[in-house]
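Just so it is clear, none of the values below were taken in a lab; they were calculated from the coordinates. Predicted model, so just to flag it, every value in this text is computed and none were measured. Backbone-built Cβ (ideal geometry, glycine too); neighbour counts: all protein chains shown.
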């Protein structure tokens, strides 16, 4: 496990400290850290095996798919043994009233602003392989949203039940834990702060506003594609 996952685990444990002190919430805090470690472990597993990549040439398709499958299996276990509902993980097509309109009013301008900001960079890509376009259009949003705004957010929200409504989205300390962990998992730097943190906050807001992972997955992949497109 690289230093970045270890940093994310340390950040999560530190922010979960108040829950560890409460017997009723401790189990959810422990489950959060264990689930985060499982996600990182499954993601890294294919790369640690000898031989060529199992899928693709440039990107860790196998790790992403394995991590997504592991998170879905964990969610099923929590539904059966810990009283969770599938909707708590955002695994539903149903959107809360007004979610699509709110998402359009917020996500589209933010995506456009990010694209415009990225075009100001002097860095340019000579070309983007087809595999990269396919990967960025599908797997990052799928695997990372299932893990972070899905299973991990549900666990964190069980550990910290207080909420404040922001733009129609009920958000609490659990969202802070998830966002900080996601940020740390992408490395802590100025570039990450500018490129990843605003996106993470947008995905969190979309998840809380809509009650579903559908919009976060779509916008996450659109964000990734816009970054590559801006640097052509």
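The mean sequence distance of close C-alpha pairs (under 8 Å, at least 6 residues apart), as a share of the length of the range 127-232, puts its relative contact order at 35 percent.
Working ranking of peptides 123-131, 146-154 by packing, defined as the average number of other Cβ atoms within 10 Å per residue, highest first, is 146-154, 123-131. Taking other C-beta atoms within 10 Å as the exposure proxy, 43, 161, 92 rank 161, 92, 43 from fewest upward. The base-10 log of I(q)/I(0) for the chain, evaluated at q = 0.11, 0.14, 0.16 Å⁻¹, reads -0.56, -0.92, -1.21 [Debye formula, identical scatterers on Cα atoms, solvent excluded]. Based on Cα contacts under 8 Å between residues 6+ apart, the chain shows a relative contact order of 30 percent. The packing ranking, built from the mean of other Cβ atoms within 10 Å per residue, places the peptides 53-59, 168-174 in the order 168-174, 53-59, highest first.
Contact order, relative form, for the range 1-120: 16 percent (alpha carbon pairs under 8 Å, 6 or more residues apart, mean separation divided by residue count). An oblate overall shape is assigned to the range 1-87, the ratio a/c of its alpha-carbon gyration tensor axes (a ≥ b ≥ c) being 1.5 or greater and a/b not exceeding b/c. Packing order of peptides 134-141, 177-184, 45-52, 203-210, highest average first: 203-210, 177-184, 134-141, 45-52 (average count of other Cβ atoms within 10 Å over each peptide's residues).
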